[in-house]
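A short write-up of the structure that comes next.
The values are calculated or read from the model by the stated rules, or taken from the named source; none is laboratory data. Nothing here was measured: the structure is a model prediction, and the numbers come from that model. Counting neighbours? That spans all protein chains shown, and the Cβs are built from the backbone with ideal geometry, glycine included.
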Amino acid sequence: MAHQSLYRAYRPATFAEVVGQEQVTGPLAEQIRAKKIGHAYLFAGSRGLGKTSVARIFARDIGCSDRDLYEIDAASNNSVEDIRALTEGVYTLPFASPYKVYILDEAHMLSKSAWNAFLKTLEEPPAYAVFVLATTESEKVPETVQSRCQVFEFKKPTRAVLAKTVALVAKKEGCALAPDAAELIAVLAGGSYRDALSVLQRVLTVAGGKELARSAVEAATGAPKRELVHALVAALASRERGKALAAIESAAKADTDMKLFLELALEALRSVLLIRMAPDLHASLKDELGADEFSALEAFAKEKGITHDTLLAFLTAAERIRYAPIPALPLELAVLELFPEDGTR
């Protein structure tokens, strides 16, 4: 396997290769076709969604050469002096392109004085200058700047899309990834393409082999075993306080990341409620969860122990766990609040 990171190796090179961001790539491609290029764009969305990759593709497709493409990390170049140096360079003609493109990554990190200096350039830019501001926190970009930009929101991919993506990349790397293994990687990625491929790379490096099951992902990442999560959910479904506390203790003794264990439990509890209360969502849930996981959670849904109160109690645990001196304690409190005595609620 190549030493280059999978995220870089499989970075999209064309708009057609960008997955799940048609609301961005479609309008940009149309602008290029119609030769109606704006002078400023704001790409907003959480980390790892491909904002910088799309900016590079856009720059290339409007004819900007590498010599006329400038990428600035605003997190470390955020002073007014940095922006003044940038704006002075803007007014020199491109070397060999119709456009000079400036990509400002983490643009929200610019200081107030830097924004003020930059605003003057945005108001009256030279015709050949194109600015692409990429940010994970668009609310920190001044309204005066946003009003001068075309704003594009990047969407987080669904778990199904992430699972499909990592399975495809694994196949290109010569490995068959089991569907439930791909699903776990998608959960661990937290809605980020970059994180999904980083997790996959760790799994491929540690596990090896041509076929990888979910257990290989659990071993390589330290993710909680599905059996531990199901043990807790099963106990909650049958309203058995003792078994629920025992499941939490088993997870803690297995050196499990309890925050991740809680996240997976919340995912399962949510799915149980949706399976029971929203039959119209069964097809999409089965696609999202995988047939085996859907079948297991469907069995839990037939019991009445898991309610909206269950989900609320564990959501409260998620708020508390960050500050808990004993990571298992918020989960145990949730169980005790739900079931003061076995079978009473």
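Kindly indicate the residue of the range 115-136 that is under 16 Å from GLN150 (Cα atoms) and touching a Pro at 6+ places or on another chain (Cβ under 8 Å) and also surrounded by the most Cβ atoms within 10 Å (Cβ to Cβ) among those meeting that condition. Checking each candidate, the answer is PHE131. In the range 9-33, the residues that are within 16 Å of PRO157 (Cα to Cα) form Cβ pairs under 8 Å with partners that are in a loop (DSSP other than H, G, I, E, B) and aromatic (Phe, Trp, Tyr), at six or more places apart or across chains, as follows: GLN21/PHE154; VAL24/PHE154. The set of residues in the range 19-34 being closer than 17 Å to GLN150 by Cβ and surrounded by 13 or more Cβ atoms within 10 Å (Cβ to Cβ) consists of GLN21, VAL24, THR25, LEU28, ALA29, GLN31, ILE32. Would you confirm whether or not the range 299-322 contains a residue that is free of Cβ contacts under 8 Å to residues at least 12 places away in the same chain, surrounded by fewer than 16 Cβ atoms within 10 Å (Cβ to Cβ) and within 18 Å of ASP180 (Cβ to Cβ)? The answer is yes; a qualifying residue exists. Residues in the range 233-244 that are over 13 Å from LEU269 (Cα atoms) and crowded, with 19+ Cβ neighbours inside 10 Å: ARG239, ARG241, ALA244. Of all the criteria given as (1) free of Cβ contacts under 8 Å to residues at least 60 places away in the same chain; (2) assigned by TED's automatic domain parsing to the domain that holds LEU311, the one not satisfied by VAL233 is (1). For the range 183-201, a residue qualifies if it is among the acidic types (Asp, Glu) and under 12 Å from ALA160 (Cα atoms), and exactly one does: GLU183. For the range 137-181, residues that are touching a Lys or Arg at 6+ places or on another chain (Cβ under 7 Å) and surrounded by 15 or more Cβ atoms within 10 Å (Cβ to Cβ) total 5.
Answer yes or no as to whether TYR41 is farther than 30 Å from THR165 by Cβ and either out of contact with any His (no Cβ under 6 Å at 6 or more places or on another chain) or of a type in the set (Ser, Thr, Tyr) (or both). Answer is no for this residue.
Considering PHE261, PHE294, the condition of being in the same structural domain as TYR323 (by TED's automatic domain parsing), of a type in the set (Phe, Trp, Tyr) and touching a His at 6+ places or on another chain (Cβ under 9 Å) is satisfied by PHE294 alone. Number of residues in the range 53-75 that are surrounded by fewer than 17 Cβ atoms within 10 Å (Cβ to Cβ), within 14 Å of THR135 (Cα to Cα) and of a type outside the set (A, V, I, L, M, F, W, C): the value is 2.
If you go through the range 310-338 and keep only what is at pLDDT below 95, charged (D, E, K, R) and outside any loop (DSSP other than H, G, I, E, B), you end up with GLU319, ARG320, GLU337. In summary, helices (runs of 4 or more DSSP H) completely within the range 11-96 and bearing 3 or more residues that are under 30 Å from LEU197 (Cα atoms) and in contact with a strand residue (DSSP E or B) (Cβ under 7 Å, 6 or more places away or on another chain) occur at 51-61.
Selection within the range 248-293: residues that are hydroxyl-bearing (Ser, Thr, Tyr) and modelled with pLDDT of 90 or more. The member of this set that is surrounded by the fewest Cβ atoms within 10 Å (Cβ to Cβ) is SER250.
Which residues, counting only those in the range 126-151, are touching a helix residue (DSSP H, G or I) at 6+ places or on another chain (Cβ under 9 Å), farther than 30 Å from PHE95 by Cβ and among the polar types (S, T, N, Q)? THR136, SER138, THR144, GLN146, listed by residue number. Just one of the listed residues (THR52, THR25, THR14) is of a type outside the set (A, V, I, L, M, F, W, C) and within 16 Å of ALA107 (Cβ to Cβ), namely THR52.
Just so you know, in the range 201-232 the residues that are among the acidic types (Asp, Glu) and within 13 Å of ALA254 (Cβ to Cβ) include one that is surrounded by the fewest Cβ atoms within 10 Å (Cβ to Cβ), and it is GLU227. Among the helices (runs of 4 or more DSSP H) confined to the range 112-206, the ones with at least 3 residues that are under 26 Å from PRO98 (Cβ atoms) and free of Cβ contacts under 8 Å to residues at least 40 places away in the same chain are located at 112-123.
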